[in-house]
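All of the numbers you see were taken from the coordinates with simple rules; none came from a lab. This one's a predicted model, so the numbers in the text were calculated from it and none came from an experiment. Ideal geometry is used to build each Cβ from the backbone, glycine not excepted, and the neighbour counts take in all protein chains shown.
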Amino acid sequence: MTKLSIGLLVIFGLVFGSLGLAAADTKIGVVDSSDILGKSAQGKAVQETLKRKSEELGKNLQKQEQEIGKAMEDFRKQSGVMKEEAKKKRQEELTKQANEFQRRVADADKQMGLLEQKEMEPLLKKLEQAVNDVAKENKIDLVVDKRRSGLLYMAPALDLTEKVRSRFGR
């Protein structure tokens, strides 16, 4: 081996060895935020609000979709006897209606996203505070969200979900 290779090995050993020591002193906790939010009274209220709004928007969109579908079916039945100019005009009208429907679907999706963001923001702030409090009380250095972290395994002792749930419920 060359002197350069030996030098690099020594440097890597020092750098990664010290990281390993620091990691050994790091306390990690895991929280299932989806479980906490989904089972809390506030989380259930938000879900109910979102469900009602979705149903409200969905009814209007479903009615429009049925009307467009019926109009297209009528057009298919009548297109064989229609003059070419009238057929072209009707196709343009139906295309315009379909495009307007797609725009309304996109608007409804956007409304739902904004409503969810607005409704969830205070809950997420409250959850963050509860996690911070539990982490400080238990002298935990790092808290990972169980569902969003790509976590494949954890020791059950690391799960802080119940502690955070009790703090969140206050």
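Scan segment 59-80 and tell me whether some residue there is of a type in the set (Val, Ile, Thr), in a helix (DSSP H, G or I) and within 30 Å of Val144 (Cβ to Cβ).
Checked against the condition, which is being of a type in the set (Val, Ile, Thr), in a helix (DSSP H, G or I) and within 30 Å of Val144 (Cβ to Cβ), segment 59-80 yields no hits at all.
Can you tell me which residues in segment 102-127 are of a type in the set (Asp, Glu) and surrounded by 14 or more Cβ atoms within 10 Å (Cβ to Cβ)?
Glu116, Glu119
Scanning segment 128-141 for residues that are surrounded by 15 or more Cβ atoms within 10 Å (Cβ to Cβ) and not β-branched (Val, Ile, Thr), which turns out nearest to Gly38 (Cα to Cα)?
Ala130
Scan segment 142-166 for residues that are touching a strand residue (DSSP E or B) at 6+ places or on another chain (Cβ under 7 Å), more than 12 Å from Leu37 (Cβ to Cβ) and surrounded by 12 or more Cβ atoms within 10 Å (Cβ to Cβ) and jot them down.
Matches in segment 142-166: Val143, Val144, Lys146, Leu151, Met154, Leu158, Asp159, Leu160.
Inspect all residues belonging to segment 39-55 and state whether any of them is under 30 Å from Leu160 (Cα atoms), aliphatic (A, V, I, L, M) and touching a strand residue (DSSP E or B) at 6+ places or on another chain (Cβ under 8 Å).
No, every residue in segment 39-55 fails to be under 30 Å from Leu160 (Cα atoms), aliphatic (A, V, I, L, M) and touching a strand residue (DSSP E or B) at 6+ places or on another chain (Cβ under 8 Å).
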